[in-house]
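Worksheet: the structure to be examined is printed underneath.
The values are calculated or read from the model by the stated rules, or taken from the named source; none is laboratory data. If you're wondering where the values come from, they're calculated on a predicted model, not measured in any experiment. Ideal geometry is used to build each Cβ from the backbone, glycine not excepted, and the neighbour counts take in all protein chains shown. All accessible areas refer to the heavy atoms of the entire protein, side chains included, with ligands and DNA or RNA removed. Shrake-Rupley method; radii C 1.70, N 1.55, O 1.52, S 1.80 Å.
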Amino acid sequence: LVHLSCLGVALMAVRLPVVSVFVLCMWLVPPLHAIDDVRIQRSVFLLGPTGVGKSWLGNKLSNAKPFKSSAKSASVTVKVAWHNSATKLFRQVFQGQTKEQDHLLDLKVFDTPGLGDTEGRSTQFLDDIITDIQHEKPHGIIIVVQNTRDTSEFRLSMAALAECLGEATLQQTRRIALVVNKLPTSATMEEDEVEDTTQHLVQLIQDKLRSVSELLNLERDFYLAQVVGIQMDSSTSVDQLRNIIASMPDSRIDTSGIRTFTQVKQDGIDALKSVEGKKAATERRDRDLEVKVHNIQEELHYYANSLGGGAAVAGLGVATLGAGVVAFIPGLNVVAATAAVLGGYNTMMKISLEGKLKNAKKELSDFRALGTQGMAETELARLTKFKNRIDRLQQEIDSKGPSKKHDEF
């Protein structure tokens, strides 16, 4: 029925038993497949701390209210939930054709429990989320944060998430997006006597991009590449986020290298205690670096052959935050969001990815040049550094109050 509504068919609500609605859908759905529209099917997971607005964003993306939202510090969402929706994105006139063609986004949104949960459930939530990602194999992942200081719980969760997903997944430019939610409104900035509100928003988003990328253990040249800012009094940017989702690859994420945090910890323990575990960890690292190179090559091929990005949304501007990073800023008029700018963005991404590919190939080559023993020692050093980081953050969390039960790494 949502599909019909998006296609402009007038609908009238009537009281019908649920069974009758299902029967009705069986008759209505088949003709939709014959409609000459561009239908884009996508599935995304919303990840982020408690209280940043993941459920609110999921409701906005769904054009409905399937998810219960709250700004409380304790997570309202305790299980992964999903909802299907259909939204008309934009209309495009194809060369040589007189008619317009609709672009309909068939979107499945997964709302997830909060990472950085204040009741000590973050790692259990993360295991549940990763298990569902492995099962669903979504097209992309959206990390939702807000303009506040990162807690120890959130920093621990981001470090764990990075190890669960692996570098290869995080380097898929079009699959991973960062949303900075609850940015200050124009009225708030005026009350605070902010002189340049546009630059203030750009700086807030840039700071959060750097913070989250570093928490994900990404080096400067490999920061997250797509950022969307959303102000507290506006949901305009949600439309741009839909376009970003629609531009994700048609194929789904390869989840074969993704692990739950429980598995990550067990693999780390095995690597530090046994020869077999050390060998498995070294092979896993080599494979991750190899797939990372492959994924960057695919991204480079896309941008090198792309004729222009999707439509930009009115009321948003496009800003570049360093090489290979684009941000959609509410009210930014410094650079108009035109096809020419988006074409320039493709060129910028191509140049940036060429640099990333060169660095990724060198990283893989240098790793293999160490030989079997050197590769194993390097990976053990990396795992030890990761373990120490997790332990330190857990100690910070425990020192704040009653110790929460957690597994030893």
What size of dipole, in debye to the nearest 20, comes out for region 207-294 about its Cα centre when the only charges are +1 on Lys and Arg C-beta atoms and -1 on Asp and Glu C-beta atoms? 280 debye
Given Cβ point charges of +1 (Lys, Arg) and -1 (Asp, Glu) and nothing else, what value in debye, to the nearest 20, does the dipole of region 139-206 about its Cα centre take? 540 debye
Largest-first principal axis extents of the Cα set of region 161-203 (Å): 43, 16, 13
Could you tell me how many cubic angstrom of Cα convex hull volume region 149-253 has per residue? 112 Å³
For LYS273 and THR347, compute 0.36 nm times the residue count separating them, minus their Cα-Cα distance, and round to one decimal in nm. 21.9 nm
Subtracting the Cα-Cα distance of ASP254 and LYS387 from 0.36 nm times their residue separation yields 45.3 nm
Taking a label point 7 Å from the Cα of THR148 along Cα-to-Cβ, the residues of region 179-207 whose backbone nitrogen sits under 13 Å from it are 181-183
Using a Cα-Cα cut-off of under 15 Å, which aspartates and glutamates could be cross-linked to LYS60, ignoring same-chain neighbours fewer than 8 residues away? ASP106, ASP111, ASP233, ASP239
Relative contact order as a percentage, region 178-228, C-alpha pairs under 8 Å and 6+ apart, gives 51 percent
State the percentage of accessible surface on region 110-202 attributable to carbon and sulfur atoms; use a 1.4 Å probe and exclude ligands, DNA and RNA. 41 percent
Heavy-atom accessible area of LYS279 with all protein chains present, probe 1.4 Å, nearest 10 Å²? 130 Å²
Additional length obtainable on full extension of the chain from GLU290 to GLU396, 0.36 nm per residue less Cα span: 34.7 nm
I'd like the carbon and sulfur percentage of the solvent accessible area for region 238-300, probe radius 1.4 Å, heavy atoms only, ligands and nucleic acids excluded. 46 percent
